[in-house]
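Throughout, read-outs are computed from the coordinates displayed, never taken from laboratory work. This one's a predicted model, so the numbers in the text were calculated from it and none came from an experiment. For neighbour counting, all protein chains shown are included, and Cβ atoms are generated from backbone atoms with ideal geometry for every residue, glycine included.
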Amino acid sequence: MSQPNNPKIELKKKYTMIFLDFVYEWYWNTDDNDLSKIKILLLLFLVAAHDKKLLEIFDNFEAWTYWPIEGDVYKILEDWIDSFSFNNKQLIKKCKINIEKNKINKIKIKNKLNEIKDKINERNPNLIGLELFDLIDIIHQWSSWRLTYYMDWIKEISSAIILKDKKKYWL
């Protein structure tokens, strides 16, 4: 990971924590299902694709073999792996996660995430409850992942391409 006090990474950590809280609240309203780290990262891609500001924060999407991953968030979650878990629809924070204080408006960010969730739910109200492999099948329809993945020399997915991609949320 980058330097411990890198302001960009610290801001990304704060947004990641807000996103985790958001996903937990969204997930709470579903039937039993898994909520793995990979599923969280896939949902991040599907949500961030709607907003230029989110793609400025989450700006390191990479075309991995089976799905797009925000590389910095992947590393952040790896660092936090022992700090929280989702279990029986409970977000369990096992210890305090140290995040430098950034002057961001958590309520404004959560409102933006909820607006995006409403747009997604209009297209597929069951998206959050889908199994991991169904989400992967949906993402494989996105040209931003597909085109980048099949270009062997480049794995970084351009935020501009993600933003312009036709948003698909169904199988």
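A few remarks follow.
- For segment 14-30, backbone phi angles converted through the Karplus equation (6.51, -1.76, 1.60; θ = phi - 60°) give residue-by-residue couplings of 4, 5, 5, 5, 4, 5, 4, 4, 4, 4, 4, 5, 5, 5, 3, 8, 10 Hz, Gly and Pro being listed as x.
- Each of Tyr150, Tyr27 was scored by other Cβ atoms within 10 Å of its Cβ. Listed from fewest to most, they are Tyr150, Tyr27.
- Phi-based couplings in Hz for segment 119-126 (Karplus 6.51, -1.76, 1.60; Gly and Pro marked x): 4, 5, 5, 5, 8, 8, x, 9
- Placing +1 on the Cβ of every Lys and Arg and -1 on the Cβ of every Asp and Glu, with nothing else charged, gives segment 18-70 a dipole about its Cα centre of roughly 140 debye.
- Working from label points 7 Å from Cα in the Cα-to-Cβ sense, the Ser83 to Thr65 distance is 2.9 nm.
- Put in line by how crowded their Cβ is, counting other Cβ atoms within 10 Å and starting with the fewest, Leu44, Leu20 read Leu20, Leu44.
- Under the Karplus curve 6.51 cos²θ - 1.76 cosθ + 1.60, θ = phi - 60°, whole-Hz ³J(HN,Hα) for segment 62-70, x wherever Gly or Pro sits: 10, 8, 7, 3, 10, 6, x, 10, 7
- Shown for Thr16, Thr148, Thr65, Thr30: other C-beta atoms within 10 Å of each C-beta, ranked fewest to most, produce the order Thr65, Thr30, Thr148, Thr16.
- Distance (nanometres) between label positions extended 7 Å along Cα→Cβ at Lys108 and Asp51: 1.1 nm
- For Glu62, the amide hydrogen comes within under 5 Å of the amide hydrogens of Ile69, Glu70, Gly71, Ile157, counting only partners 5 or more places away or on other chains and with H modelled in the peptide plane.
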